1. With a 10 Å Cβ neighbour count serving as the proxy for reagent exposure, in which order, fewest first, do Trp159, Trp97 appear?
2. Which GluC sites (Glu not before Pro) does the range 89-171 hold that lie in a coil by DSSP with at most 14 other beta carbons within 10 Å?
3. Would you mind calculating the gained length between Thr109 and Asp70 on full extension (0.36 nm times residue separation, minus the Cα-Cα distance), in nm to one decimal?
4. Please list, in chain and number order, the residues 5+ apart from Phe75 or on another chain whose amide H is under 5 Å from its amide H, with Hs placed from the backbone.
5. With θ set to phi - 60° and the Karplus curve 6.51 cos²θ - 1.76 cosθ + 1.60, what are the ³J(HN,Hα) couplings of the range 127-136 in order, to the nearest whole Hz, using x for Gly and Pro?
6. Non-local amide H neighbours of Val127 (under 5 Å, H modeled in plane, Pro and chain starts lacking H): which ones?
7. From the square roots a ≥ b ≥ c of the eigenvalues of the alpha-carbon gyration tensor of the range 43-170, which class results: rounded (a/c under 1.5), prolate (a/b over b/c), or oblate?
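Here, each number is a calculation from the coordinates, and none is a lab measurement. These numbers were taken from a predicted model, which means no experiment stands behind them. FYI the Cβ positions are ideal-geometry reconstructions off the backbone, even for glycines, and counts take in every protein chain you see.
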Amino acid sequence: MNLQASAKRTLTLIAVALVVVLIAFTTVMVVLIRGSDSEPARITAYTHGTTSEVAPYVYCGIYLDECVGDEESTFLDVPPGMPLQLSLPSEISDAPWLLIAAYMAPDGTGIAAPSSYAAGEAAAVTVPSSEEFPLIGVEIRLPSAVIDENENPQARAVWSVATASDVATDQ
């Protein structure tokens, strides 16, 4: 009879262990499923007393699959001479990323000023503007694993801020 009691205890311990494993597995699956539906990261843009949350213009997987986004720039009026401050969440700043600032030259031509950042280098940046070269837009880009014909990584995610309605529409 002692053997049966020992066998019952062993079976009970195995059953309890299986229940614990099942609960842990279910918890992990719920967390993973919940995390997969999360919204893409947003950038916070600030200038001249106004703050705006910037949704992605486009946001794709690392291989340019499963893309989402409304393909619209967020407008934030940045008066000439005033800076634009951008705050990036860790989903962006913990990866290599590119900032492209667009300015309007006095002769009406656009000038692009790219700046690249290494992973973890900056979580906030200030983009300058001047009366002579007003800021007309900014893009933040995350690279993908896809390389173009010039051997440059294509952007998998883009956040776009249009900053000067009067300058951009006068041309």
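1. Fewest-to-most ranking of Trp159, Trp97: Trp97, Trp159.
2. Glu121, Glu131, Glu132, Glu149, Glu151
3. 11.3 nm
4. Amide H neighbours of Phe75: Ala162.
5. Values per residue, Gly and Pro as x: 9, x, 9, 9, 5, 6, 10, x, 6, 10 Hz.
6. Leu84, Gln85, Leu86
7. Because a/c hits 1.5 or more and a/b exceeds b/c, the range 43-170 counts as prolate.
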